[in-house]
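> If you scroll down you'll find the structure; I have some questions about it.
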Amino acid sequence: MIKAIAIDDELLALKVIESFCAKVDFISLEKTFHKPKEALRYLEEYPVDLLFLDINMPSMTGIELFRSVTQSTMVIFTTAYSEYAVEGFNLNAIDYLLKPFTFERFLQGANKAHEYFKIQQPNDAETPSYLYIRADYRLHKIPLNDILFIEGLDDYLKIHIAGTKQDVARPDVARPIVARMTMKNMLEKLPAKDFMRVHRSFIVPFARIENVRNKIITIGEEEIPIGVSYEKTFFENFGK
């Protein structure tokens, strides 16, 4: 997950960045600033991976601000003035977004940052222990060990989690997190050695399976069917 902040003297421009970041599941926008000096003070205590940085600001230009940042940080410059592009790229900027930019153009820059970020991570990194999911206008950090199973419902997924806040009407059932995402996208986020799709509508963690009988998986009080097209692969991998 890329931790980012946005800096722009125009509040509307910050709202645009905030809205676009909310649509991207690999960027966590930690804060926004309309005063460059406040952003610098924040960065001294809380380093981030990426800056969305306006260039033409009255008290301090984005170029000056970026040169003042002591830690290694990616930057995507945003500005309404194309003449700053060369200077921005001379600072090894990830991208240069000319205002007003569309979400598609923003996503191009975000993907560049994501690719660079992945390259910078050590090859021997440990298997992630958390799943980051955007739902209900917030970013959820879900421990992988707490996931009971994942259920697909058209364009949405329900992530059933152990120990979450319960529904008052049904105190015996944990309230799931509902996110707009496909099963394919979810599988790409999960470690393949720990999770498996067992049905067109279900993904399960191997560690949570209590027993399997007559092609039915039991996890707690839930019974999850094994689909015909997933049966062979499941039994080849379960118990390894």
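> With the calculation restricted to Cα positions, what are the radius of gyration and Dmax of the chain in angstrom?
When restricted to the Cα atoms of the chain, Rg and Dmax are 21.9, 70 Å.
> Per 0.36 nm of contour for each residue apart, how much would the distance between residue 233 and residue 30 grow if the chain were fully extended, relative to their Cα-Cα spacing?
So the chain would gain 69.0 nm between residue 233 and residue 30.
> Between helix 228-237 and the chain, what is the angle of the helix's C-alpha long axis to the longest principal axis, kept within 0 to 90° and rounded to the nearest 10?
90
> Here's a follow-up. What FRET efficiency do you get for residue 10 and residue 42 if R0 is 30 Å and r is their Cβ-Cβ distance, rounded to the nearest 0.05?
0.95
> Using just the helices of the chain, give the 222 nm mean residue ellipticity in deg cm²/dmol: DSSP H runs with n ≥ 4 each add -39,500 (n - 2.57), and the total is spread over all residues, rounded to 500.
After summing the helix terms and dividing by the residues of the chain, the value is -8500 deg cm²/dmol.
> Moving on to the next point. How far, in degrees from 0 to 90, does helix 103-120 lean away from the longest principal axis of the Cα atoms of the chain, to the nearest 10?
Once rounded, one gets 80 degrees.
> Sticking with this structure for a sec: From the phi angles alone, apply the Karplus equation (6.51, -1.76, 1.60; θ = phi - 60°) to region 22-34 and give each ³J(HN,Hα) in whole Hz, x where the residue is Gly or Pro.
5, 8, 10, 8, 10, 10, 10, 7, 6, 7, 10, 9, 10
> Modelled label-to-label distance, residue 129 and residue 189, 7 Å Cα→beta-carbon offset: nm?
For the pair residue 129/residue 189, the computed spacing is 1.9 nm.
> In terms of the Cα gyration tensor, with a ≥ b ≥ c the square roots of its eigenvalues, is region 187-237 rounded because a/c is under 1.5, prolate because a/b exceeds b/c, or oblate?
oblate
> Another one. Label points 7 Å out from Cα along the Cβ direction at residue 213 and residue 68: separation in nm?
If labels sit at residue 213 and residue 68, their model points lie 6.8 nm apart.
> Also, I was wondering about something else. List, in the order given, every pair from 3/141; 118/189; 3/158; 15/189 whose Cα-Cα distance in the structure shown is over 18 Å.
As for pairs spanning more than 18 Å Cα to Cα, those are 3/158; 15/189.
> For the chain, find the longest principal axis of its Cα atoms and tell me its angle to the long axis of helix 11-21, 0 to 90°, nearest 10.
For helix 11-21, the angle is close to 30 degrees.
> Which of the trypsin sites (Lys or Arg not before Pro) across region 1-62 are loop residues per DSSP, with 16 or fewer other Cβ within 10 Å?
Hits after loop and neighbour filter: 23.
> Can you pull the percent of the chain's accessible area that's carbon plus sulfur, 1.4 Å probe, other chains left in place?
49
> Extending each Cα 7 Å along its Cβ direction at residue 180 and residue 141, get the distance between those two points in nm, one decimal.
Label at residue 180, label at residue 141, 2.6 nm between them.
The values are calculated or read from the model by the stated rules, or taken from the named source; none is laboratory data. Owing to the predicted nature of the structure, the values given are computational and were not obtained by experimental measurement. So basically every Cβ, Gly included, is an ideal-geometry build from the backbone, and we count neighbours across all protein chains shown. Surface accessibility is based on the protein's heavy atoms, side chains included, excluding ligands, DNA and RNA. Shrake-Rupley method; radii C 1.70, N 1.55, O 1.52, S 1.80 Å.
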